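Reviewing the structure listed below.
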Amino acid sequence: MPVKAFPAAGICPATLGAAAAWLTPGREPSPPCNGLAQDTHVRTSMGAAIQPGMSCGALGEAIVKATAGSEPGRHTRAQAQAMKDVLFALARVQPKNFDVDPALRVPLATALADYGPDLHEMLAGLDSDYVLKAGHDTPPWEAGGTYRLSVYHTVFRATLRAVAEDPRAYALLRLAETRTAAERLAAVPAGATGSELSLQPTRNGRHA
């Protein structure tokens, strides 16, 4: 099940850093529901979940259902592909400084938060798999008992900024990143030295 939304009170804006920064003025209008329901790739990956005339809120909930695994952080290839298609669709039809429909922000953050390890690696930009497999035509890949996804750095950062304008969405994303960073640090062996010791702190530091 995906992470649920919760109030953002008391959460310090540190981990997501620039990725959650407010967009500058000068936004241009976006298509209804950011054009997601009309995108060919999204319609293919989500199938009957997209219905004619559905509201942006209903579309957001459909995205959560289509991308969430049967247990937190575990996804099929189809679920990860749907998430990747949504991210690329958001960037494909938007102006440079785009906005995400308010009704989509929390659902998109909920969906993204279920991909905590992928968010962590895309924010860090150090894992070669996430760099080399970021293209739209490169499908999700299996690793660690689940399917991983990546998108271009510019696509990911722009989407994250726009989604995180809602404080609840920001809180979801920050919690997912904080949890993943803590898990990675806890997994470093007690006697680790050299790169084995420094890699995870370096990755975490790139998110600040």
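Rule-based calculations on the coordinates, nothing more; no lab input. Bear in mind the structure is a predicted one, so any value in this text is a computation, not a measurement. Methodologically, a virtual Cβ is constructed for each residue, glycine included, from the backbone with ideal geometry; neighbour enumeration extends over all protein chains shown.
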| message | So for each of 121-132, 145-156 I average, over its residues, the number of other beta carbons within 10 Å; can you give me the resulting order with the highest mean first? | response | 145-156, 121-132
| request: Work out the length of the dipole vector of the stretch 62-183 about its Cα centre, built from +1 on the beta-carbon of each Lys and Arg and -1 on the beta-carbon of each Asp and Glu, and round it to the nearest 20 debye. | output: 180
| request: Can you find, among Gly53, Met83, Val100, the residue farthest towards the positive end of the dipole of the stretch 30-133? Put +1 on the C-beta of Lys and Arg, -1 on that of Asp and Glu. | output: Gly53
| note | So for R0 = 22 Å, FRET eff. of Glu183-His136 from the Cβ-Cβ r, to 0.05, ends up at 0.15
